[in-house]
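> Sharing a structure with you now.
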Amino acid sequence: MTTATLPLKIGPVEIRNRVFLAPMSGVSDLPFRRRAWEAGAGLVVSEMVASAELCNHHSESRKRMERGDLQTHVVQLAGREAHWMGEAAKIAEGEGADIVDINMGCPAKKVTGGYSGSALMRDLDHALTLIEATVQAVKVPVTLKMRLGWDHNSINAPELARRAVDAGVQMITVHGRTRCQFYTGHADWDAIRAVREVISVPLVANGDVGSAADVQEIMQRSGADAVMIGRAAYGQPWLAGQIADALRGGANKAAPASLSDYVLAHYHAMLEHYGEKTGVRHARKHLGWYMERHTENVPDTVKKALMTSGNAQEVSTILAEIFSGVAPVSGNKSLKDAA
């Protein structure tokens with residue numbers, strides 16, 4: 001057993017192990033989080049929820065923060081105005097959030113262009129107004145996810161982390177890249193240690209973690225208390241739990257015995273969650289990742305039919321044909337866009 005498999009506390013909330021699933025917009029919806037949780041992830045975090053839209057009763061924002069039957073519920077909020085962040089935090093708490101996470105790490109242009117996400121690292125004084133409003137609005141723990149900085153000329157994660165903790169934030173997550181790097185190159189695990197040196201609350205390291213060996217190395221190099229797995233979980237929602245199990249000396253017990261049954265169940269859960277018309281579209285990226293990670297030599301005509309059909313029953317039939325008899329890989333096969 002390693003440190004990564006030990007329980008961890010975030011305020012009063014006890015976390016069962018230290019291998020987490022990252023919040024990923026368009027990916028970590030309730031069906032995906034439920035599968036990661038059931039496989040043994042220490043913590044799962046919702047997709048980014050826009051604070052103003054949530055307060056204005058946008059149905060998509062409400063759906064993004066649904067708890068379902070998750071034992072521990074973390075809602076990640078994004079925004080640029082303190083008022084809406086505070087009000088959205090109250091809504092999340094009222095809907096059962098055990099932890100509210102603040103997004104100051106998303107590098108997407110549509111987010112940073114609205115002065116949210118990692119754009120907030122360009123103005124720490126303003127960022128602190130959002131943090132303070134969120135912390136003061138709720139009784140549950142508030143956590144913060146960030147990058148190293150906007151670019152290599154402005155590495156200010158240690159300063160933001162220190163000021164956030166002084167304002168009441170109870171856990172810090174750092175992705176080891178700047179915003180301007182997006183997802184290029186390799187995350188700088190050593191650079192995260194500068195944050196460890198200025199805070200006493202739990203630190204989570206994120207970026208290019210995809211195996212038990214990665215977990216051990218990033219924790220050693222960064223001094224982090226936990227790790228967060230993002231893109232490596234595409235097409236294998238069980239990965240965080242599988243890694244936690246491996247670190248305990250287990251033998252990949254979290255991986256599904258039947259990939260065909262697993263993929264079909266995930267697909268049908270998405271149809272139930274979103275409704276058939278929307279669910280068919282939302283599921284396509286996940287089905288593509290399952291194919292890319294676990295299959296070979298699927299004819300292009302079959303792939304096209306799977307990825308373009310709007311008929312849920314037709315898709316189910318194709319999925320059963322593709323994945324029948326296919327065993328899940330052990331987590332070593334990388335996706336082209338998920339280094």
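> If you roll a 1.4 angstrom probe over the protein chains with everything in place, what fraction of the accessible area of the chain belongs to carbon and sulfur, to the nearest %? If you can, show how the numbers build up before the last one.
Values: 6590 of 13810 Å².
With neighbouring chains kept in place, the figure for the chain is 48 percent.
> Per q in 0.08, 0.14, 0.15 Å⁻¹, report the Debye log10 I(q)/I(0) for the chain, using one uniform scatterer on each alpha carbon and no solvent.
Computed log10 I(q)/I(0) values: -0.35, -1.10, -1.26.
> Rounded, prolate or oblate, given the Cα gyration tensor of the range 179-248, with a/c below 1.5 counting as rounded? If you can, show how the numbers build up before the last one.
Details: a/c = 2.13, a/b = 1.25, b/c = 1.70.
Oblate shape, in that a/c is at least 1.5 and b/c is the bigger or equal ratio.
> For the range 142-185 and the range 1-26, write down the distance between their C-alpha centroids in whole Å.
Measuring centre to centre over Cα atoms gives 19 Å.
> Moving to a separate point now. How do the peptides 50-63, 165-178, 229-242, 206-219 rank, highest first, by the average count of neighbouring beta carbon atoms within 10 Å per residue?
Working: 50-63: 17.0, 165-178: 23.0, 229-242: 25.4, 206-219: 21.1.
Peptide ranking by packing, descending: 229-242, 165-178, 206-219, 50-63.
> Here's a follow-up. Each residue of the range 94-110 in order: what ³J(HN,Hα) in whole Hz does its phi give by Karplus 6.51 cos²θ - 1.76 cosθ + 1.60, θ = phi - 60°, with x for Gly and Pro?
Calculated HN-Hα couplings, in order: x, 8, x, 5, 7, 9, 10, 9, 9, 8, 10, x, 4, x, 4, 4, 5 Hz.
> Explain nothing, just compute: Karplus ³J(HN,Hα) = 6.51 cos²θ - 1.76 cosθ + 1.60, θ = phi - 60°, for every residue of the range 127-135 in order, whole Hz, x for Gly and Pro.
Whole-Hz 3J(HN,Hα) from phi for the range 127-135: 4, 5, 5, 5, 4, 4, 5, 5, 4.
> I'd like the FRET efficiency for H83 and E314, computed as 1/(1 + (r/R0)^6) with the beta carbon distance as r and R0 of 35 Å, rounded to 0.05.
Numbers: r = 47 Å, r/R0 = 1.35.
Efficiency, from the Cβ-Cβ distance: 0.15.
> Let me ask something else about it. With a probe of 1.4 Å, find how much accessible area the chain has per residue, and write the answer as a whole number in Å². Each step should come with its number before you reach the end.
Working: 13810 Å² over 339 residues.
Computed with neighbouring chains in place, this is 41 Å² per residue.
> Right, another one. What fraction of the DSSP beta bridges in the chain is antiparallel, stated in percent and rounded to the nearest 5? Mind dumping the intermediate values first?
Working: 4 of 33 bridges.
Restricted to the chain, the bridges split so that about 10 percent are antiparallel.
> In whole Å, what is the distance between the alpha-carbon centres of the range 187-254 and the range 110-134?
26
> Quick one: which of 316-326, 27-37, 292-302 comes out on top by average Cβ neighbours within 10 Å, and what's the full order, highest first?
Details: 316-326: 15.8, 27-37: 23.0, 292-302: 12.1.
The peptides rank, most packed first, as 27-37, 316-326, 292-302.
> Next up: Once you have the Cα-Cα distance between Q136 and F182, take 0.36 nm times their residue separation minus that, and quote the gain in nm to one decimal. Mind showing how you got there, number by number?
Numbers: separation 46, 0.36 × 46 = 16.56 nm, distance 3.14 nm.
Gain in length upon complete extension: 13.4 nm.
> Kindly write out, for the range 53-66 in residue order, the coupling ³J(HN,Hα) from the Karplus curve 6.51 cos²θ - 1.76 cosθ + 1.60 (θ = phi - 60°), rounded to whole Hz, with x marking Gly and Pro.
5, 4, 5, 9, 6, 5, 5, 5, 5, 4, 5, 4, 9, 4
> I'm a student and want to see the number: the projected area of the Cα convex hull of the range 152-271, averaged over all directions, in nm². Write out the running numbers ahead of the final one.
Details: hull surface 37.9 nm².
Hull-based average projected area comes out at 9.5 nm².
> A follow-up question, please. Between T173 and residues 5 or more places away or on another chain, which pairs have amide H atoms under 5 Å apart, with H built 1.01 Å from N, and which residues are they?
Amide H neighbours of T173, under 5 Å, 5+ apart: L144, K145, M146, V204.
> Out of residues 5 or more away from I15 or on other chains, whose amide H comes under 5 Å of its own, with H placed 1.01 Å from N in the peptide plane?
Answer set, sorted by chain and number: L8, K9, I10.
> If you count, for each residue, the other Cβ atoms within 10 Å and average over each peptide, how do 139-145, 277-283 line up from highest to lowest?
Values: 139-145: 22.4, 277-283: 16.7.
Taking the mean over residues of other Cβ atoms within 10 Å, the ranking is 139-145, 277-283.
> So, one more: For K90 and R248 in the same chain, what is the full-extension length gain: residue separation times 0.36 nm, less their Cα-Cα distance, in nm?
On the way: separation 158, 0.36 × 158 = 56.88 nm, distance 3.73 nm.
The span from K90 to R248 would gain 53.1 nm if fully extended.
The values are calculated or read from the model by the stated rules, or taken from the named source; none is laboratory data. Since this is a predicted model, take the numbers as computed values, not measurements. Methodologically, a virtual Cβ is constructed for each residue, glycine included, from the backbone with ideal geometry; neighbour enumeration extends over all protein chains shown. The accessibility values were calculated without ligands, DNA or RNA, using every heavy atom of the protein model including side chains. Shrake-Rupley method; radii C 1.70, N 1.55, O 1.52, S 1.80 Å.
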